[in-house]
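Only one structure is covered here, and it is reproduced in the block below.
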Amino acid sequence: MLDNLQLLFVYAPVMNVQMILDGIFIGAVFALAAYGLALVWGVMNVKNLAQGDFVIMGGYLAFTANNMGFHPILALPLIAVVMYFYGVVVYKLVIRRVIDNDMFVSLLATFGLSLFMQQVMNLIYGPEVQTVDSHMHVMTMFDEFVTVPMVKVVSLVLAGVFATAIVMFMTKSRTGQAIRATAQDARAARVLGIDTDKVYMLTFALNSAICGIAGILVSMIWVLQPFYGIVYSLRTFAIVTAAGLGNLPGVIGMSFVLGWVEQYAGIIAGAEWQIAAAVFVLIGVLLWRQIQMRRLRQVVR
Amino acid sequence: MYNKLPIALGAALAVGVAGFAGGAMAKVEGDTIIIGSSLSLTGKYSTNGFHTQKGYDFAVKRINDTGGVKVGGKSYKMKIVYYDDESTPSRASQLTERLVKQDGVEFMLGPYSTTMTKAVAPVTEKYGVPMVEAEGASRSLFTQGYKYMFAVLSTSEYYLAPVLDLIAQRSKDDGKSPSDLRIGMAFENDGFSLDVRAGVLDVAKKYNMKIVIDDKLPADLSDMSATLTKFKALKPDILLVSGHSKGAATAARQIEEMKIRAPAIAITHCEAAKVHVKFPKSANGLLCPTQWLTNLPNSEPLFGDAQKYDKEFKVAYPEYNTGIPYQTAQASAAVLVFKDAFERANSFDQDKVRDALSATDMDTFYGPVKFSEAGNNIAKPMFYRQIQADGSYKNIVSSKDMTMPRKAAY
């Protein structure tokens, strides 16, 4: 471990550039999926365990588009629309029926949905690992020591654009306001004439579309397999839990922190700690919150 | 109409029960030897599950078409009963239990993958059912003292270790000392890949090579950029990666993306991950281990040599025209081994067949087969190929066949 630190800060400090960049790129993709989860969780109080499977599904749609000769980025609007309507269907069939039940029902229902989606993707695409080639250039810096694939830069830009668009939508548009009102107090919103059922449907479909976009980026940066959704579910849960619901800057910040923590843990402690480190961050945040909240709790008592 | 439902249900149940009763089989029914196998026909191992099944079926059909298995002067046909284990180990052991206890199967062919074989072997062992397996390569399968399990393939510690022998030989030829070579390696944190790693450690120690990176990739990680960043800083001479198809695809993608220029790179499962098609630039010069080559000289009467097997299999299954995975070839070889053992035992007594299996010493299109005390095949070596610029695989027999340093085209 000591020699790794030495390598990082004494012998090859340029490594830090690569790792900070990689952390940002990884974080940007997670931020999208995590924001969708925060939305559904915050507005509907549904903990969507199938979040990662929506991401992988978006990736497979990109794979299909690529096989048909369309570049995934060009197919993005269409994939987002397809995922949006898939979200509507899932909402009508499953989510609407569990929304008013307690937490465990929604956990069970979305877990079942997750298994179902995995198996259907497995039947359609087979269990082999698939990838999509972005055909994009790789930039190099510092005498080839630092490499920046254009596809990751494009992903970062896209993630930024969509995050801004969502924020604008939530704050400026009437529908966005309705969504926020429902999140604050569904009953009051209903009294004031907001069709909360429609708001829920919109929110879930929006989340599905966001996940689809994240999936397109995943297909071009990493690899696809019907059963890898869980990886994205876990990380988005960690991000949202640590950042707090309805806290978009927090979610985005936490995504970058997670990206960096993963990268640095991978170098300093070895790759076997890369994902564990992300979970340690979550535990750390929860502990810290617990201590922070103690004062408040005493007041209530 | 609702009151008809119980009747319909009852009828369905009766049919089901009758079906089960009819399904109960003895080991040898009339002139048919029944062999059981639980294979992954759905779930994450299903691709290779089907490769295995076709290998079994092809060999069984050939044996049945050419006079069957001769035991006690009588000719028997072979038949395999398959169950789908859904790529879940617990299901595989339940189904094996069912094959043995309910269906009365007395001989088994192995499932796909080390994980499944680990789940099945304790059951077959408990009931003394001889099993020939073709798809579980982990060394750890052969340290349990199993008496009834035999494996035709080379075990996992030979997947990458002999690559180091080739590279060491090459640097000696070039007038350099192998002890100057530095290795960076990343292995998935699972039983199979850690066995591969154990083999590598032994050989590296033999040549006094220095291991500067030794990362274990978590099973749910599809990003090895941290490991490769370290690799670029330390610049070792050799990169070794093992992590099934996902590891191979991730490595190939990121080797190209991060412009890794190590003189030698060896990765397991390159062919399964189709890296030569998906990442032709980084695939150029990769060294890939394989269990089987289509130009092996070894032969036996039923299939002839590897070339003949390759040709005839493609006629039977045209969907394999682009190449037969070694998983299929070794599955066929496992069936050949069973036939040979039945004939030498000249009996269907489980223990006699077991003893005959243990004494196996035969040549097949898949290479020679001879089992150690532990049940693994010690006669057949692992083979190596290097991916060429045009995406073809070149057989590497001696260190001179190898292009080293590899030419990176990015």
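Of all residues in region A:261-280, count the ones that are within 7 Å of chain B (Cβ to nearest Cβ) and either among the β-branched types (Val, Ile, Thr) or in contact with a helix residue (DSSP H, G or I) (Cβ under 7 Å, 6 or more places away or on another chain) (or both).
Looking only at that region, the number is 6.
So B:Leu296 passes all but one of these: (1) within 13 Å of chain A (Cβ to nearest Cβ); (2) modelled with pLDDT under 90. Which condition number does it fail?
Just one mismatch for B:Leu296, condition (1).
Which number in (1) part of a helix (DSSP H, G or I); (2) without any contact (Cβ under 8 Å) to a residue 40 or more places away in the chain; (3) within 14 Å of chain B (Cβ to nearest Cβ) marks the one condition that A:Lys152 misses?
Among (1) part of a helix (DSSP H, G or I); (2) without any contact (Cβ under 8 Å) to a residue 40 or more places away in the chain; (3) within 14 Å of chain B (Cβ to nearest Cβ), A:Lys152 violates only (2).
Only one of these is surrounded by fewer than 15 Cβ atoms within 10 Å (Cβ to Cβ) and part of a loop (DSSP other than H, G, I, E, B): B:Ala379, B:Ala374, B:Ala409. Name it.
Of B:Ala379, B:Ala374, B:Ala409, the one residue that is surrounded by fewer than 15 Cβ atoms within 10 Å (Cβ to Cβ) and part of a loop (DSSP other than H, G, I, E, B) is B:Ala409.
Scan (1) away from chain B (no Cβ under 14 Å); (2) under 30 Å from B:Lys230 (Cβ atoms) for the single condition A:Phe70 breaks and write down its number.
(2)
If I filter region A:224-236 down to residues being among the aliphatic types (A, V, I, L, M) and surrounded by fewer than 24 Cβ atoms within 10 Å (Cβ to Cβ), which single residue comes out as nearest to the other protein chains (Cβ to nearest Cβ)?
Top of the filtered list is A:Val231.
Quick check on region B:239-250: of everything there that is more than 16 Å from the chain's Cα centre (by Cα) and more than 10 Å from chain A (Cβ to nearest Cβ), which residue is nearest to B:Asp223 (Cα to Cα)?
Applying the filter and picking the extreme gives B:Val241.
Cβ contacts < 9 Å: first residue more than 7 Å from chain B (Cβ to nearest Cβ), restricted to region A:120-146; second residue exposed (fewer than 13 other Cβ atoms within 10 Å of the Cβ) and among the aliphatic types (A, V, I, L, M), any location; separation 6+ or different chain. Result?
A:Val146/A:Met139
On the basis of being within 27 Å of B:Lys370 (Cβ to Cβ) and either out of contact with any Phe, Trp or Tyr (no Cβ under 7 Å at 6 or more places or on another chain) or part of a helix (DSSP H, G or I) (or both), does B:Tyr146 make the cut?
Here the answer is yes, as B:Tyr146 does meet what is asked.
Suppose we filter region B:232-252 for residues that are of a type in the set (Ser, Thr, Tyr) and either out of contact with any strand residue (DSSP E or B) (no Cβ under 9 Å at 6 or more places or on another chain) or in a helix (DSSP H, G or I) (or both); how many remain?
Adding up the residues that qualify gives 2.
I need a count of the residues in region A:62-93 that are surrounded by 12 or more Cβ atoms within 10 Å (Cβ to Cβ) and not in a helix (DSSP H, G or I).
2
Just one of B:Phe107, B:Phe58 is more than 22 Å from B:Val353 (Cα to Cα) and in the same structural domain as B:Gly304 (by TED's automatic domain parsing); which is it?
Values: B:Phe107 fails: more than 22 Å from B:Val353 (Cα to Cα).
None of the others qualify; the one that does is B:Phe58.
Report the residue count in region B:187-231 for those that are more than 9 Å from every other protein chain (Cβ to nearest Cβ) and assigned to a helix (DSSP H, G or I).
19
If I go through region A:1-31 residue by residue, how many of them are more than 10 Å from chain B (Cβ to nearest Cβ), assigned to a helix (DSSP H, G or I) and farther than 18 Å from A:Pro149 by Cβ?
Residues meeting the conditions: 6.
Pairs please, first residue from region B:264-279 and at the interface with chain A (Cβ under 10 Å from one of its Cβ atoms), second anywhere and assigned to a helix (DSSP H, G or I) and of a type in the set (Asp, Glu), Cβ atoms under 8 Å, 6+ apart in sequence or on different chains.
That search, which allows pairs on different chains as well, returns B:Phe279/B:Glu256.
Keeping to region B:344-367, report how many residues are farther than 21 Å from B:Ile35 by Cβ and crowded, with 16+ Cβ neighbours inside 10 Å. Full working, then the answer.
Keep residues of region B:344-367 that are farther than 21 Å from B:Ile35 by Cβ, which gives B:361, B:363, B:367.
The next check asks that each one be crowded, with 16+ Cβ neighbours inside 10 Å; those that pass are B:363, B:367.
Selection size over region B:344-367: 2.
Return a yes/no flag: does region B:315-324 have any residue that is surrounded by 19 or more Cβ atoms within 10 Å (Cβ to Cβ), without any contact (Cβ under 8 Å) to a residue 60 or more places away in the chain and either within 16 Å of the chain's Cα centre (by Cα) or part of a loop (DSSP other than H, G, I, E, B) (or both).
Kept after step one, since they are surrounded by 19 or more Cβ atoms within 10 Å (Cβ to Cβ), are these residues of region B:315-324: B:324.
Checking the rest, the ones that are also without any contact (Cβ under 8 Å) to a residue 60 or more places away in the chain come to B:324.
Restricting the remaining residues to those that are either within 16 Å of the chain's Cα centre (by Cα) or part of a loop (DSSP other than H, G, I, E, B) (or both) gives B:324.
Looking for residues that are surrounded by 19 or more Cβ atoms within 10 Å (Cβ to Cβ), without any contact (Cβ under 8 Å) to a residue 60 or more places away in the chain and either within 16 Å of the chain's Cα centre (by Cα) or part of a loop (DSSP other than H, G, I, E, B) (or both), one finds at least one in region B:315-324, hence yes.
Select from region B:253-262 the residues that are in contact with a strand residue (DSSP E or B) (Cβ under 7 Å, 6 or more places away or on another chain), in a loop (DSSP other than H, G, I, E, B) and not hydrophobic (A, V, I, L, M, F, W, C) and list them in ascending order.
B:Lys259
If B:Asp214 meets every condition in (1) under 23 Å from B:Ala408 (Cβ atoms); (2) surrounded by fewer than 24 Cβ atoms within 10 Å (Cβ to Cβ) apart from one, which number is that one?
Single failed check for B:Asp214: (1).
Among the residues of region B:263-288, write down those that are in a loop (DSSP other than H, G, I, E, B) and not basic (Lys, Arg).
Within region B:263-288, B:Pro263, B:Thr268, B:His269, B:Cys270, B:Glu271, B:Ala272, B:Ala273, B:Phe279, B:Asn284, B:Gly285, B:Leu286 qualify.
Kindly establish whether A:Ile291 is touching a Pro at 6+ places or on another chain (Cβ under 6 Å), in a helix (DSSP H, G or I) and more than 14 Å from every other protein chain (Cβ to nearest Cβ).
In short, no.
For region B:189-217, give me each residue that is closer than 12 Å to B:Leu240 by Cβ and among the acidic types (Asp, Glu).
Of everything in region B:189-217, those that are closer than 12 Å to B:Leu240 by Cβ and among the acidic types (Asp, Glu) turn out to be B:Asp214, B:Asp215.
I'd like the residue in region B:62-81 that is free of Cβ contacts under 8 Å to residues at least 24 places away in the same chain and of a type outside the set (Gly, Ala, Ser) and, out of all such residues, is nearest to B:Arg344 (Cα to Cα).
The first filter runs over region B:62-81 and keeps only residues free of Cβ contacts under 8 Å to residues at least 24 places away in the same chain, leaving B:64-65, B:67, B:73.
Imposing the further condition that a residue be of a type outside the set (Gly, Ala, Ser) reduces the set to B:64-65.
Details: B:Asn64: 18, B:Asp65: 20 Å.
Step by step, filter region B:62-81, then rank; the result is B:Asn64.
So that you can scan it fast, the table gives a plain yes or no per residue for (1) more than 22 Å from B:His51 (Cβ to Cβ); (2) at pLDDT below 95:
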residue	(1), (2)
B:Val123	yes, no
B:Val132	no, no
B:Glu135	no, yes
B:Ser154	no, yes
B:Glu157	yes, yes
B:Pro162	yes, yes
B:Arg170	yes, yes
B:Ala198	yes, yes
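The values are calculated or read from the model by the stated rules, or taken from the named source; none is laboratory data. This is a predicted model, so every value here is computed, not measured. Glycine gets a Cβ as well: all are built from the backbone with ideal geometry, and neighbour counts include every protein chain shown.
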